[in-house]
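What follows is one structure encoded as structure tokens, with my remarks underneath.
The values are calculated or read from the model by the stated rules, or taken from the named source; none is laboratory data. The structure presented is a predicted model; accordingly, all values stated were derived computationally and were not measured. Here the Cβ positions follow ideal geometry from the backbone for every residue, glycine too, while neighbour counts run over all protein chains shown.
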Amino acid sequence: MAAGFDTLLVANRGEIACRVIRSARAMGLRTVAVYSEADAGAPHVELADTAVQIGPAPAAESYLDGEKIIEAAKKTGAGAIHPGYGFLSENAAFAQACADAGITFVGPSPEAIAAMGDKAAAKRMMEAAGVPTVPGYSGEEQDDAVLIEKARETGFPLMVKAAAGGGGKGMRLVEDEGSLASAIEAARREAAGAFGDDTLLLERAVVAPRHVEIQVLADREGHTIHLGERDCSVQRRHQKVIEEAPSPAVDAELRERMGAAGVAAAEAVGYEGAGTVEFLLDAEGNFYFLEMNTRLQVEHPVTELVTGLDLVEWQLRIASGEPLTIGQDDVEIRGHAIEARLYAEDPENDYLPSTGRLELWATPGPELVRVDSGVRTGSEITPFYDPMVAKLACAGADRDEARARLVRALELTDALGPATNRSLLVAVLRSPQFAGGEATTAFLDGFEAGARATPEMVAAVVAWLYRRRRELAGERSPGLEGWSSTGSLAWSTRVAAGDGEYAVSVTEGRDGVVVRLGDKSFTVDPDAPSPVVDGVEIPVRCLAVGSARVLAAFEGLDLELVDLCALPPDAAGAAGEGVLLAPMHGRVISVDAEVGASVSAGQRLVVLEAMKMEHEILADVDGVVEEIAASGSQVGADQVLARIAAA
């Protein structure tokens, strides 16, 4: 590695911090981690050679505080800072502050970041560079009347978008002129709140396109190449869920044209380092510039798997002043790779973020899957940061092999505790539309969240719990009924599992135990390595959490079973009419009533912020507020937010 720096500070957390640290250490660099109070025991902290605490849990007071990060670099002798992605990675002011402090920013120049950070200006620059763009308006005149007139010229449907933002914020799809004014107002308000800039642009909506992006590498001597494309069309709320390389919709001729456009976009801003030029691709093969991400992408592993190149290594080499030693003709795409993002969220509940302790984290070995994660068993999934738990990526000789390997890797992954989207990922990968390479950005709209627990699965978990209690009791009665009058061991209870509640009874039989769920009966051998239900083996990994809760990982879905009769005496009735509980860990950011106030059912009382989302807590009865959480307070899942004395 060329002279320049020997110590690297990674200004990030989670899986990307671990990812960067591993490549840096393999190159012989000393590494420095930074961490918030919430991440004091996180894997990235232990992986680095040294670590510096930079503030409280909220990102604004830690990972987004550039002054603290630069001070940590100076304190530890770090000559370079790698920002990862998110946080300060596309902050031109931070990149400039690094330069002013004599510290190498691992990324492009502040000028390049600023140029591509303003979507309207970037679009004008791309048009000048001959890069195809979506028809629309990106001018400086921002009066509502001007935007409405330009929208008419552009035609409907169209997108109203924040010029300064990304990630779906400040973005509205407008189907017709009747809803245009309200969309402009809402997008302006959201853009101002999220980015401090309410400038908008208009683009004709490309209906059900593919999201295809070009990975570029550029050195300081002006050499720029592309590493092929990634298809990131499977998204929810404009956030990517599954990515792959190469795209099933791109042939060699289209790859060459899109690659050339990506290189032209990078050269137009004097780019250096690793970057991604994103395009929308329509059904006719037309592609349009969307934006440029001036950083490493979350989905970079699929490009690494098909090219054999380490993008982080190249970022560091370029930042240290080394020229590219590979040309465009040296880039070879071999096989296929697909990546899935495992999120702590509930797809069946409008993708509501999920928080709490990760009771069990286990994945298959590297012979099957590449896992980029920053968690382990016992990690806390907090409300302060992005809900992504890990990325799982598989390669194969072709797309079908990569897809089959990733399905199996997800089936064998244990992520027990907070709800995850594991079953959704498996369902997507198995779906005929995805398998056929036909998924567009509209694919997840209305898509079923995945498999649901069957009575046989519930019976398998009940039998496992029965066996565990029998063992703990030393073969004595595990339940309230004890020995029945016939002398056989019996247990009765009531459980909640999946979407339902079941009256349960378990009795000993000749061929195992007989589990009754309501009016259904199953014979289960609970002593087999995997429970055998009515002669059929059901692979499952179970984990008891406390005396009443069992977390079960089946191949394709997770199930939480609660023994309602084993709950603490006050738990079952903890939330009734007038008692409002927090649906997850979070921070109270707004309180709209006070103790003694009269409220009506449906009235908003509290706004809870968790994992970058806001959740309104509404009164469920008419009455008088007896208790309410304080604004700014941190609350845990199921903590009482408000009590109302019913009228």
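Buried (at least 23 other Cβ atoms within 10 Å of the Cβ), touching an Asp or Glu at 6+ places or on another chain (Cβ under 9 Å), in a strand (DSSP E or B) and not charged (D, E, K, R): is that true of Ile225 in this structure? For Ile225, the condition - buried (at least 23 other Cβ atoms within 10 Å of the Cβ), touching an Asp or Glu at 6+ places or on another chain (Cβ under 9 Å), in a strand (DSSP E or B) and not charged (D, E, K, R) - is not met. Just one of the listed residues (Leu290, Leu342) is at pLDDT 95 or above and in the same structural domain as Gly259 (by TED's automatic domain parsing), namely Leu342.
Rundown of residues vs (1) crowded, with 17+ Cβ neighbours inside 10 Å; (2) polar (S, T, N, Q); (3) within 31 Å of the chain's Cα centre (by Cα); (4) assigned to a helix (DSSP H, G or I), yes/no style:
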site: Gly84; (1), (2), (3), (4): yes, no, yes, no
site: Glu90; (1), (2), (3), (4): yes, no, yes, no
site: Ala120; (1), (2), (3), (4): yes, no, yes, yes
site: Lys123; (1), (2), (3), (4): yes, no, yes, yes
site: Met126; (1), (2), (3), (4): yes, no, yes, yes
site: Val131; (1), (2), (3), (4): yes, no, yes, no
site: Ile148; (1), (2), (3), (4): no, no, no, yes
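Filtered by the rule that a residue be out of contact with any Phe, Trp or Tyr (no Cβ under 7 Å at 6 or more places or on another chain), of a type in the set (A, V, I, L, M), part of a helix (DSSP H, G or I) and within 30 Å of Glu501 (Cα to Cα), the stretch 417-458 gives Leu424, Leu425, Val426, Ala427. Does Ala249 satisfy being in contact (Cβ under 8 Å) with a residue 60 or more places away in the chain, of a type in the set (Gly, Ala, Ser) and surrounded by fewer than 23 Cβ atoms within 10 Å (Cβ to Cβ)? The answer is yes for Ala249.
Scanning the stretch 254-302 for residues that are hydroxyl-bearing (Ser, Thr, Tyr) and either outside any strand (DSSP E or B) or in contact with a Phe, Trp or Tyr (Cβ under 9 Å, 6 or more places away or on another chain) (or both) turns up Tyr271, Tyr288, Thr294. Among the residues of the stretch 357-395, those identified as under 20 Å from Asp310 (Cβ atoms) and either hydroxyl-bearing (Ser, Thr, Tyr) or more than 13 Å from the chain's Cα centre (by Cα) (or both) are Pro366, Glu367, Val369, Arg370, Val371, Ser373, Ala393, Cys394, Ala395. Being crowded, with 19+ Cβ neighbours inside 10 Å, under 30 Å from Glu448 (Cβ atoms) and without any contact (Cβ under 8 Å) to a residue 24 or more places away in the chain holds for only one residue in Val407, Val298, Val302, and it is Val407.
Taken as a whole, the condition of being buried (at least 23 other Cβ atoms within 10 Å of the Cβ), touching a residue at least 24 places away in the same chain (Cβ under 8 Å) and assigned to a loop (DSSP other than H, G, I, E, B) applies to Ala78. If the condition is being among the aliphatic types (A, V, I, L, M) and part of a strand (DSSP E or B), then the stretch 190-222 contributes Leu200, Leu201, Leu202, Val212, Ile214, Val216, Leu217, Ala218.
If I filter the stretch 16-36 down to residues being outside any strand (DSSP E or B) and of a type in the set (D, E, K, R), which single residue comes out as surrounded by the most Cβ atoms within 10 Å (Cβ to Cβ)? Here the answer is Arg19.
Between Pro364, Pro387, Pro383, the distinction of being surrounded by fewer than 19 Cβ atoms within 10 Å (Cβ to Cβ), under 25 Å from Ala42 (Cβ atoms), not assigned by TED's automatic domain parsing to the domain that holds Glu614 and not β-branched (Val, Ile, Thr) belongs to Pro364 only.
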